[in-house]
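Working notes, beginning with the structure itself.
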Amino acid sequence: MTELVTSGFPQPGGCQCGAVRYELREPPLGIWACHCSLCRKQSGSAFGLSMSVSLDALVFTQGEPAIWTRTADSGHILVCLFCRDCGSRLIHRRHAHEGRQTLKPGTLDDTDWVVPSRHFFPESALGWVKPLIKSQQPA
């Protein structure tokens, strides 16, 4: 398992245009990469990065995100928070959130310390990503 290395908290972040800003005030509960087709489509990349944080750990300091709700393949209702100006996805919350939410860690100002410790749906990973996942597995 990869250890988290941070430059301390709070960690500031926000959307691409700067209209919505937040502070992450506590370390994350976990960081992972998901390789399912929905996460790839949402991120516009080879995988989606996600960071579980408590509801109280994240505070919006500027602007208010818009909300879009969808039903996941699992049947969970997913509340998606994003910037209404630039469309950057910031947070996902399951309807039954159990005190947690999922921050999109690419929206943090400093992402040097963001390293996934888990990979979901690695069998769906793109061919060039699979060797990277395999190299992160403990020997």
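If only one of His119, His97 is open to solvent by 60 Å² or more (accessible area, probe 1.4 Å) and touching a residue at least 24 places away in the same chain (Cβ under 8 Å), which one is it? Outline the logic, then answer.
On the way: His119 fails: open to solvent by 60 Å² or more (accessible area, probe 1.4 Å).
Of His119, His97, the one residue that is open to solvent by 60 Å² or more (accessible area, probe 1.4 Å) and touching a residue at least 24 places away in the same chain (Cβ under 8 Å) is His97.
Which of the residues that make up the stretch 100-128 are within 20 Å of Ala57 (Cβ to Cβ) and either modelled with pLDDT under 90 or among the acidic types (Asp, Glu) (or both)? Break it down stepwise before answering.
Narrowing the stretch 100-128 to residues within 20 Å of Ala57 (Cβ to Cβ): 100-118.
Of everything in the stretch 100-128, those that are within 20 Å of Ala57 (Cβ to Cβ) and either modelled with pLDDT under 90 or among the acidic types (Asp, Glu) (or both) turn out to be Asp109, Asp110, Asp112.
How many residues does the stretch 22-76 contain that are over 15 Å from the mean Cα position of the chain (by Cα) and among the basic types (Lys, Arg)?
2
Could you count how many residues in the stretch 57-75 are open to solvent by 70 Å² or more (accessible area, probe 1.4 Å) and of a type outside the set (A, V, I, L, M, F, W, C)? I'd like the intermediate steps shown before the answer.
Pass one, the stretch 57-75, residues open to solvent by 70 Å² or more (accessible area, probe 1.4 Å): 61-62, 64, 67-69, 71, 73-74.
Going one step further and asking which of them are of a type outside the set (A, V, I, L, M, F, W, C), we end up with 61-62, 64, 69, 71, 73-74.
Of the residues in that region, 7 qualify.
Using the structure shown, decide if Asp110 is surrounded by fewer than 13 Cβ atoms within 10 Å (Cβ to Cβ) and either within 17 Å of Gln11 (Cβ to Cβ) or without any contact (Cβ under 8 Å) to a residue 12 or more places away in the chain (or both). Let's see the steps before the verdict.
Numbers: surrounded by fewer than 13 Cβ atoms within 10 Å (Cβ to Cβ): yes; either within 17 Å of Gln11 (Cβ to Cβ) or without any contact (Cβ under 8 Å) to a residue 12 or more places away in the chain (or both): yes.
Spelling it out, Asp110 is indeed surrounded by fewer than 13 Cβ atoms within 10 Å (Cβ to Cβ) and either within 17 Å of Gln11 (Cβ to Cβ) or without any contact (Cβ under 8 Å) to a residue 12 or more places away in the chain (or both).
Going by what's in this entry, would Gln11 be described as open to solvent by less than 60 Å² (accessible area, probe 1.4 Å) and within 25 Å of Ile133 (Cα to Cα)?
Numbers: open to solvent by less than 60 Å² (accessible area, probe 1.4 Å): yes; within 25 Å of Ile133 (Cα to Cα): no.
The answer is no for Gln11.
The values are calculated or read from the model by the stated rules, or taken from the named source; none is laboratory data. Owing to the predicted nature of the structure, the values given are computational and were not obtained by experimental measurement. Cβ sites come from the backbone with ideal geometry, for glycine too, and all protein chains shown count toward neighbours. We work out accessible area using only protein heavy atoms, side chains counted, and drop any ligands, DNA or RNA first. Shrake-Rupley method; radii C 1.70, N 1.55, O 1.52, S 1.80 Å.
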